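Student: Okay, here's the structure, questions in a sec.
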Amino acid sequence: MEIGGSQGAAVRKSALTPKAIIYQKFGTEAWYKVEEVQESNQNECPGLAITQKGPCLYRCTLQLPEISVVSGTFKKKKEAEQSASELALEKLGINPAAYNPTEQDPLDALVGRVKYLFSDEVGYCAVIDAWEFNFLTSLHPLSGHFRAALQREGDLYGCVPVSVIAFLDSKLSSLSKLIDPKVELNPYKVISYVMKAAARSSGIVHTSEEQLWVRRQNPYSLEITDSAFQQSGSPGIFPIEAIYIPCSNEKNINVVKLNVSSTDYYLDVIANQLGLVDTSKVLITRPIGRTSSEVRLYFAALEFMLELSSDISNAKRDMHSDGSCNTRASYLSGEDIYGDAILASIGYTWKSKDLFHEDLSMQSYYRMVLSKVPSGVYKLSRGAVLAADLPLAFTTRTNWRGSFPRDVLCTFCRQHRLSEPVFSTVSISKAPSKTSGLHKKLKVKDSAVEETDCANGSITAAGAKEAVESGVTFRCEVKIYSKFQDLLIECSPKDSYKKQGDSIQNASLKVLTWLDAYFKNLDIPVERLNCSVCELDIKFNPKSVFEAFALCRPIQFFQHRESPDGRLDESNAMPGQGICGPDSGVSPSNGSLSCISYSVMLVIRSDNTKVLLESSDDFEFEMGSRSVIHQIEAAVMQMTVGQSAFLLADMPSPEFILAAADDSERILSALSSKDCCLKYAITLYRVTEPLEDRMEQALFSPPLSKQRVEYALHHIKQTSATTLVDFGCGSGSLLDSLLNYQTSLENIVGVDISLKSLIRAAKILNSKLNANSGVDMPSAGIKSAILYDGSITVFDSRLCGFDIGTCLEVIEHMEEDQAWLFGDVVLSYFRPKILIVSTPNYEYNVILQGSNLSSQEEDPDDKGQSQACKFRNHDHKFEWTREQFNHWASDLATKHNYSVEFGGVGGSAGVEPGFASQIAVFRSGTAPILLDDSQNIADSEHLSVVWEWNSSTRS
Ligand code: SAH
Ligand code: MG
């Protein structure tokens, strides 16, 4: 689906914020001071001796030449600043809504600003909070250039390149935008406006017709120059490493040394490196990456960029087609860049008069490249470029590692100069379904929908508490806009969450997943992109998306490559191959946290060498969510704690390898030989089971799972059952345990929809059945075992007529209507003589969650907020009270002529709140109802056999 409408109006003037108005009126004379205010929140627990720490809030003091105001407290610094500005405007009698920014001719204001920059005039210095300095001696980043210009020799003495003035003074660019909104699209136009203003500032400044520099007409007084050069700069030459990005993609990016000395102007050095004689032709981009960084691109201006009248779009088109557009540099900066460019981390800052500089390595360059893609941002946040991957699902906050989806999305938007994402959550209050009579009713969720305004996804503690108690859930919608407010992407997932924060993370992850797929193949036809939109609940505007990421298009480095030869993975490896070390029996399951140590080597086959690319001793990730590259997940799935594995993986595109490696020279030459592969060495040294499993093990003796097995055993013994089918067998824990006992069982079957779990079950059962070949072994009586892949809510003739059916802790993993459907299918068609169904008793959660074990697991933001209980496992779709379970089982039993009895394990029937796991045992009535259509469906076999074992083939 696509979003229609929004006809990319190129430039829209937005109303000015109070802060922007203050800035226009007072410029650097407005001084903001933000302080943190710690508010204790005592409302939670009045009697508590220790005051609990409340959220950190901010208060802003705004000082103007004549007045000063103090804001209230806010959650965000920005909000405090805006509020202070608003108060100041009120005091000054300015109505922000009616404020007409063009009151003063912006060109006059521009002239005024240029005059101020070059004058002796004293200004208000925010940093030292005093009216002391003129511009030359101030800490404005631009003033460093002014001082450096005074160190230039000969004709260039005191000449400041206009480009520098235009790019480093935000007041000049915002005034230019007022004169001409198109400046937004072509920031280089500011240069022309500054030149115009300079020409009107005669008497104070001097400009040159051909060259783009401005100089003060008369020398500064000695007093001023003396104080300007006080305690500045350590002498000597400081070579810094920068990255040279040639315009032609054929040429390699390389490191260059800039030999800057304390007596040189660093821009002269950069110009020289770019082969320019005239430094004032050097253009500078905005900071790359973090806004506070000094990393910028430097390149030579082209005529057309500076002409006020030129038709940029035509010129741009020519530039793109004649190859003078530097695609790699443009990709990085999000601006059009022409010719060769230099990426350097150097410049004057607000913090010190000294020149800030830092070496850039090839690795830092490739990391910047990676950080333009969602999965790249995530990998970097985990410090694992070659091991981590953007997960497919957000399960719980406590299982997530690395930056949260919402933060990754915000970073992505900032990186691409889009607007901040807009989140809106809706709270849904579910009508109580506890005692509804007919199960069909349960399908219809009576929901009252109420919109909460939550642009930044925060919610008050009181709101959250109320929400949890009343069974309210949240749904979140995310919208991504271009910087011109064109709607690009809209994601409205149907899933609802018990926590507002989770709904935001989930929706953010969907957007990221879509964007990542898009970035991995920017040439993907729109129809193909549409495939994933339904699944991800995404709508997008192809035209706007295309425009927003137009500069990323020329670089196609994320394209999928063919995988190399043999490697250990799920599809082609036998269980256990490539894995070494004894089997400890402790293996990870979906939803558990695995902790591994790993190292990745680049193996260069031609000269038989290996280069270490990346390693970690302690890398934890959630199984089953694809939060690591798939080869690692597949291998770990087959391993047990203590085992190691080696695997060969696909060569990712070189950028990933270069972002991980610190010796790029060597890697580049190795990569060019093309005979390389990646070798991963992994050791699994810890597995943390999902909370539910840990609770069942730690709080019950014997563990609840064992008690469930014993419950089933009891019925097997009573009835001398020979056939058993385990519905939703998972990784085979029940079937495996049954093999430890001497029973009458001969044929056992397991069914599940998780292929991964079934593969693990197959491995376990296979080794046990083959090992237990001796006649006196407990499982000697077993003649056959089969595992099927498929849903237990669909009929399959092979599941009919078993002595016992078990379905332990499965129904709560389905939607309620599916649980009813399962009951209907199994009792009407499969008709086992006995059916044992277990599911958590929701009422027992108070006890489980009151234990220490669970409170450790709780989110910090959850503390003390909720009396209502969480479900035991994030995958549970429901957890029923005894009454709800009773209703389900009794209804089904009556309908299908079964009797039903209730029992359970953990806790006891007589003591509130009953058993931990509640169990229903159905027994078929004497005269089963024969269904007319049983003939028609008799031959439907939808399940597929995953593994089959027969005693005659026993090895
Ligand atoms: N019975 C096992 C596993 C319980 S976990 C034990 O007690 O250890 C729940 C299992 O139900 C999961 O393995 C899940 O894949 C399976 N499941 C959920 N819905 C299913 C469906 N419709 N058909 C078959 N299996 C299902
Ligand atoms: Mg469960």
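Student: Which residues' amide hydrogens lie under 5 Å from the amide hydrogen of T285, considering only partners 5 or more residues apart or on another chain, with H built in the peptide plane?
Tutor: Long-range HN contacts for T285: L297.
Student: Extension gain H630-S890, at 0.36 nm per residue separation less the Cα-Cα distance, in nm?
Tutor: That works out to 89.1 nm of additional length.
Student: Same structure, new question: Count charges around G914 for me, please; just the other residues with Cβ under 12 Å from its Cβ, Lys/Arg as +1, Asp/Glu as -1.
Tutor: Details: positive: R882; negative: E843, E883, E912.
Net local charge, G914 excluded: -2.
Student: Please report how far the C-alpha centroid of segment 575-637 lies from that of segment 354-372, rounded to the nearest whole angstrom.
Tutor: 29
Student: Lys and Arg at +1, Asp and Glu at -1: add these up for the other residues within a Cβ distance under 14 Å of K706 and post the number. Could the numbers behind the result be given before it?
Tutor: Numbers: positive: R708; negative: D693, E696, E710, D736, E809.
So the surrounding residues net to -4.
Student: Each label point is 7 Å from the Cα along the Cα-to-Cβ direction; what then is the distance between the points at Q217 and E547, in nm?
Tutor: 4.5
Student: May I pose another question? What pairs in K196/K483; K372/K510; K379/K510; K115/K196; K610/K679; K494/K877 have C-alpha atoms more than 21 Å from each other? Before the final figure, lay out each step's value.
Tutor: Working: K196/K483 28 Å; K372/K510 17 Å; K379/K510 17 Å; K115/K196 12 Å; K610/K679 9 Å; K494/K877 14 Å.
Checking Cα-Cα distances, K196/K483 exceed 21 Å.
Student: May I pose another question? Sorting T291, T396 on the 10 Å Cβ count, fewest up front, what's the list? Write down the numbers at each step before the final one.
Tutor: On the way: T291 8, T396 18.
By the 10 Å Cβ count, ascending: T291, T396.
Student: Report the calculated FRET efficiency for E121 and A199 (r = Cβ-Cβ distance, R0 = 25 Å), to the nearest 0.05.
Tutor: Details: r = 20 Å, r/R0 = 0.80.
Computed FRET efficiency for E121 and A199 comes out at 0.80.
Student: How charged is the neighbourhood of V255? Take every other residue with its Cβ under 10 Å from the Cβ of V255, and add Lys/Arg as +1 and Asp/Glu as -1.
Tutor: Details: positive: K257; negative: E241, D359, E665.
Local charge sum for V255: -2.
Student: Report the label-to-label distance for Y741 and E36 in nanometres (one decimal), using points 7 Å from each Cα along the Cα→Cβ vector.
Tutor: The modelled label-to-label distance comes out at 5.8 nm.
Student: Another question, if that's okay. Given charges of +1 on the Cβ of Lys and Arg and -1 on the Cβ of Asp and Glu, with all other atoms neutral, how large is the dipole of segment 482-527 about its Cα centre, in debye to the nearest 20? Walk me through the numbers on the way to the answer.
Tutor: Working: 6 positive and 7 negative charges, 58 e Å.
The dipole magnitude comes to about 280 debye.
Student: First measure r as the distance between the Cβ atoms of S597 and K76, then evaluate 1/(1 + (r/R0)^6) with R0 = 25 Å and state the FRET efficiency to the nearest 0.05. If you can, show how the numbers build up before the last one.
Tutor: Values: r = 40 Å, r/R0 = 1.59.
It comes out at approximately 0.05.
Student: Something else now. Arrange K510, K539 by Cβ neighbour counts within 10 Å, fewest through most, would you? Can you show the working numbers first?
Tutor: Details: K510 28, K539 18.
If I rank by nearby Cβ atoms, fewest first, I get K539, K510.
Student: Suppose the chain between A909 and S68 were pulled fully straight at 0.36 nm per residue; how much longer would it get relative to their current alpha carbon spacing? Spell out each step's value before the answer.
Tutor: On the way: separation 841, 0.36 × 841 = 302.76 nm, distance 6.99 nm.
Gain in length upon complete extension: 295.8 nm.
Student: Set the Förster distance to 30 Å, then compute FRET efficiency between D607 and S361 from the Cβ-Cβ distance, nearest 0.05. Don't skip to the answer; put the middle values down first.
Tutor: Details: r = 25 Å, r/R0 = 0.82.
Efficiency computed from Cβ-Cβ geometry: 0.75.
Student: Let me ask another. Filter the trypsin sites (Lys or Arg not before Pro) in segment 328-382 to those in DSSP coil with at most 14 other Cβ atoms within 10 Å of their Cβ, and list the result.
Tutor: Details: sites: R328, K351, K353, R367, K372, K379, R382; in loops: K351, K353, K372.
In loop regions of segment 328-382 (DSSP not H, G, I, E or B), the sparsely surrounded trypsin sites (Lys or Arg not before Pro) are K351.
Student: Label 7 Å along Cα→Cβ of F902; segment 700-742 residues with amide nitrogen under 14 Å?
Tutor: Answer for segment 700-742: none.
Student: Starting from the 7 Å offset along Cα-to-Cβ, what nm value, one decimal, do you get for the label separation of Q818 and D875?
Tutor: 1.1
The numbers here are math on the coordinates, done by the rules we state, and not lab data. All of these numbers come straight from a predicted model, not from anything done at the bench. In this analysis, Cβ positions are derived from the backbone assuming ideal geometry, glycine residues included, and neighbour counts consider all displayed protein chains.
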